[in-house]
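Below is one structure; the comments refer to it alone.
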Amino acid sequence: MRYKIEDFLKNASVHILLITVAVTCIFPLLWMIGSALKTQQTVFSDMSIIPRHPVWSNFYHAWTKGGFGMYFFNSVIYTVTVVFGIVIVSSLAAFAFSRLKFPGKNVLFYMFLAAMMIPLPGSFVPLYVLMTKLHLVNTRIGYILCMINTGLSFSIYILKTFFDKMPPALEDAARIDGCSKLGIWWNVALPLARPAIAVIIIFNSLNVWNEYILATLIFSSKSLMPLQRGLMIFQGTHITEYPLLMAGITITVFPIILVYFLMQKHIIKGITAGAIVE
């Protein structure tokens, strides 16, 4: 009986702690949404989380007046194209590092790993000089190429670890069936690496969607700005209009929260899958 009481108290204390942490994390989001539905006059006077008379037009004005429709469209373009490019390039490179033999393979792979240790601002000067010489400053393609480069090292490392544990018998069988190296990559390696690819897609989507510093360096035209950069422009223009500002932040945050809740099982599965490949 004594052990049951101790187990109950232990479980209860853990649950209370987790609930407290969860409420602490969720409350700012609820306050943000509630503030986005209030008027300028009631945003500080009304202390309720959700107002009795929500002002849904704040989202419309933030979308149109604040330009969030344009920023949202830009971020969707950047996220989709960058993630697609990272998956293709990193999977090809990881497959080569894992399954092919060529001179300098290990040195080149460790160079990719070393790139993960260099913070992005540390490469701003040579990056900007390179983009200027290539006439890619203030262009979508310049930003997309830079973002693909920032996500390659992590993605190559994850996929190489996965490909290293791929059974050689599968590759031999595919080769007997007449598959080339490229065919093995497409028909065998990629299908088996779907959990790892899911992790790469999710993490790089978060990275691109939340990126701010590189966009500040590359872009000068407002029409090319992604959401995070557009949010700062909006904040500087409408800093006293707090409901519109909160509506803009909600538009920025909500899609990535939704994606995370829908894909969180794939994150856990992808991270652990590499450890159980036989």
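Any idea how many residues of region 30-73 are in contact (Cβ under 8 Å) with a residue 40 or more places away in the chain, within 25 Å of the chain's Cα centre (by Cα) and under 20 Å from Thr240 (Cα atoms)?
9
Looking for whichever is farther than 30 Å from Met246 by Cα, out of contact with any Cys (no Cβ under 8 Å at 6 or more places or on another chain) and of a type in the set (A, V, I, L, M, F, W, C) here; the options are Val82, Val87. Which one fits?
It is Val87.
Say whether the condition of being in the same structural domain as Ile201 (by TED's automatic domain parsing), more than 17 Å from Val82 (Cα to Cα), in contact with a Lys or Arg (Cβ under 9 Å, 6 or more places away or on another chain) and aliphatic (A, V, I, L, M) is met by at least one residue in region 127-136.
no
Between a first residue in region 124-145 that is closer than 19 Å to Pro226 by Cα and modelled with pLDDT of 90 or more and a second residue that is surrounded by 14 or more Cβ atoms within 10 Å (Cβ to Cβ) and among the β-branched types (Val, Ile, Thr), which pairs have beta carbons less than 6 Å apart while being 6 or more apart in sequence or on different chains?
Met131/Val137; Gly142/Ile218; Tyr143/Ile218; Ile144/Thr81; Ile144/Val82
Among the numbered criteria (1) surrounded by fewer than 17 Cβ atoms within 10 Å (Cβ to Cβ); (2) among the hydroxyl-bearing types (Ser, Thr, Tyr); (3) touching a helix residue (DSSP H, G or I) at 6+ places or on another chain (Cβ under 6 Å), which one does Tyr78 miss?
Every listed condition holds for Tyr78 apart from (1).
Would you confirm whether any residue within region 37-49 is modelled with pLDDT of 90 or more, surrounded by fewer than 18 Cβ atoms within 10 Å (Cβ to Cβ), within 23 Å of Phe254 (Cβ to Cβ) and not assigned by TED's automatic domain parsing to the domain that holds Ala215?
No, every residue in region 37-49 fails to be modelled with pLDDT of 90 or more, surrounded by fewer than 18 Cβ atoms within 10 Å (Cβ to Cβ), within 23 Å of Phe254 (Cβ to Cβ) and not assigned by TED's automatic domain parsing to the domain that holds Ala215.
What residue, among those in region 142-157 that are among the aliphatic types (A, V, I, L, M) and under 11 Å from Val82 (Cβ atoms), is surrounded by the fewest Cβ atoms within 10 Å (Cβ to Cβ)? Step through it out loud before you land on a result.
To start, the set of residues in region 142-157 that are among the aliphatic types (A, V, I, L, M) comprises 144-145, 147-148, 152, 156.
Retained after the next criterion (residues that are under 11 Å from Val82 (Cβ atoms)): 144-145, 147-148, 152.
Working: Ile144: 19, Leu145: 17, Met147: 24, Ile148: 22, Leu152: 19.
In this case the residue turns out to be Leu145.
Every residue, every condition in (1) over 30 Å from Pro226 (Cβ atoms); (2) outside the structural domain of Leu231 (by TED's automatic domain parsing); (3) modelled with pLDDT of 90 or more; (4) among the charged types (D, E, K, R), yes or no:
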residue	(1), (2), (3), (4)
Leu9	yes, yes, no, no
Ala22	no, yes, no, no
Ile26	no, yes, no, no
Leu29	no, yes, no, no
Gly69	no, no, yes, no
Phe72	no, no, yes, no
Ser75	no, no, yes, no
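Search region 210-230 for residues that are in the same structural domain as Thr250 (by TED's automatic domain parsing) and among the basic types (Lys, Arg) and pair each with any residue that is in a helix (DSSP H, G or I) and at pLDDT 90 or above when their beta-carbon atoms are under 7 Å apart and the residues are at least 6 apart or on different chains.
So the pair list comes out as Arg229/Ala215; Arg229/Thr216.
Filter region 9-56 down to the residues that are in contact with a Phe, Trp or Tyr (Cβ under 9 Å, 6 or more places away or on another chain) and among the β-branched types (Val, Ile, Thr) and list them by number.
Ile33, Val43, Ile49
Out of region 158-213, which residues are of a type in the set (Val, Ile, Thr) and either over 15 Å from the mean Cα position of the chain (by Cα) or loosely packed, with under 15 Cβ neighbours inside 10 Å (or both)? Please lay out each step first, then the result.
Of region 158-213, the ones of a type in the set (Val, Ile, Thr) are 158, 161, 176, 184, 188, 197, 199-202, 208, 213.
Scanning region 158-213 gives Ile158, Thr161, Ile176, Ile184, Val188, Ile213.
The values are calculated or read from the model by the stated rules, or taken from the named source; none is laboratory data. All values derive from a computational prediction rather than experimental measurement. Every residue, glycine among them, receives a Cβ derived from its backbone with ideal geometry; neighbour counts consider all protein chains shown.
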